[in-house]
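Input: a single structure, listed below in structure tokens.
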Amino acid sequence: MTTYDDRASLTDLTAVVERVRDSVEGVIEGKPEVVRLSLTVLLAEGHLLIEDVPGVGKTMLAKALARSIDCSVRRIQFTPDLLPSDITGVSIWDQQRRDFEFKPGAIFAQVVIGDEINRASPKTQSALLESMEERQVTIDGKTYELPGPFMVVATQNPVEMEGTYPLPEAQRDRFMARVSVGYPSAEAELQMLDVHGGVSPLEDLQPVAHADEILKLIEAVRGVHVAEPVRRYVVDLVAATRTHPDLRLGASPRATLHLLRAAKATAALNGREYALPDDVQALAVAVLAHRLLPTAQAQLNRRTAEQVVEEILQRTPVPAAPQQQSGFGAMGRGVPAYPSQPPRRL
């Protein structure tokens, strides 16, 4: 049982996250919002999917995040001939012991980098399903627990690229958020030439946080208070995706849970012990869009899942603040006055 003395404070969280963010941004120039989302997913106990065209730094971002934390890291290069046993492990007969010995696969690490995950077959992609959801691997009827904290950071190219397989719906649903790195600005690209022109900055990157610190920060995020109106707002947003005429597949209950956890992590990163609807709005597109499947008509009309989520955000009523009966902050809907109950001390 975790006590208040064992749980990290918001001050501790801010200090550790600042160190990790500065470390990652020393490698990934000009993308602070992408780095922040990556840290949000880490503290929310989720998995991150980085999707973009080749050469924009997807793998570099994943490696920088992994190397900034002093924990075990394994990289898996997904190829068409990769087998599920290469990921999960395999039992090999030991003639001396006259028994099967389990050889762990690459999934047995605290941070797993899956590079170009959609270049492997759907059968191999499915080898990640159990580990990502239950943080365990079952081989030959025996279950092996994975170390904590556990995070899969996967990169993929858009499905229009040659040699790619679309991720199954069950696989996409296990990623808490999807982010696109995008092309850098001219200034950031010029700085990249100076920094990366001679030697890779990853070679000098040293861990700035320990795995035990991350576990305490995760516990602190779990303690962030979410008032009942905010929880209902999360449910309303997800439910709206299931009835939208432009979608043939809406978000799952797992998406509801992921959106709530991500909002709590965002609140903690902002130094608050309680979540606001603004936290939910800021993450709704990243958490929900990659799980949705537009209808054929919507695709013909060039309607994207991101546009649908933005429309749902505009149409879904924002809960009023309990003390003021008004809405919330960043989108011009009032001044936040949460929580309705005092948050428990982190």
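Of note:
- Annotation note: of THR3, THR59, THR11, the sole residue that is at pLDDT below 85, assigned to a helix (DSSP H, G or I), β-branched (Val, Ile, Thr) and open to solvent by 60 Å² or more (accessible area, probe 1.4 Å) is THR11.
- ILE50, sole failed condition from (1) aliphatic (A, V, I, L, M); (2) in contact with a helix residue (DSSP H, G or I) (Cβ under 6 Å, 6 or more places away or on another chain); (3) in a helix (DSSP H, G or I): (3)
- Subset of segment 231-259 (residues that are surrounded by fewer than 23 Cβ atoms within 10 Å (Cβ to Cβ), closer than 24 Å to ALA320 by Cβ and within 15 Å of the chain's Cα centre (by Cα)): THR256
- Residue within segment 88-109 that is more than 21 Å from ASP140 (Cβ to Cβ), touching a Phe, Trp or Tyr at 6+ places or on another chain (Cβ under 9 Å), open to solvent by 30 Å² or more (accessible area, probe 1.4 Å) and part of a loop (DSSP other than H, G, I, E, B) present: no
- In this structure, PRO166 qualifies as open to solvent by 50 Å² or more (accessible area, probe 1.4 Å) and either under 21 Å from ASP70 (Cα atoms) or not in a strand (DSSP E or B) (or both).
- Number of residues in segment 126-163 that are surrounded by 14 or more Cβ atoms within 10 Å (Cβ to Cβ), of a type outside the set (D, E, K, R) and not in a loop (DSSP other than H, G, I, E, B): the value is 15.
- With respect to the stated conditions, GLN325 is at pLDDT below 95, open to solvent by 40 Å² or more (accessible area, probe 1.4 Å), at positive phi and out of contact with any Cys (no Cβ under 9 Å at 6 or more places or on another chain).
- Criterion: surrounded by 14 or more Cβ atoms within 10 Å (Cβ to Cβ), closer than 23 Å to PRO149 by Cβ and without any contact (Cβ under 8 Å) to a residue 24 or more places away in the chain - qualifying residue of ARG21, ARG67: ARG21
- Applying the condition of being in a helix (DSSP H, G or I) and of a type in the set (S, T, N, Q) to segment 269-321 and asking which residue is least open to solvent (accessible area, probe 1.4 Å) yields GLN281.
The values are calculated or read from the model by the stated rules, or taken from the named source; none is laboratory data. These numbers were taken from a predicted model, which means no experiment stands behind them. No Cβ is skipped: glycine too gets one built from the backbone with ideal geometry, and neighbour counts run over all protein chains shown. The accessibility values were calculated without ligands, DNA or RNA, using every heavy atom of the protein model including side chains. Shrake-Rupley method; radii C 1.70, N 1.55, O 1.52, S 1.80 Å.
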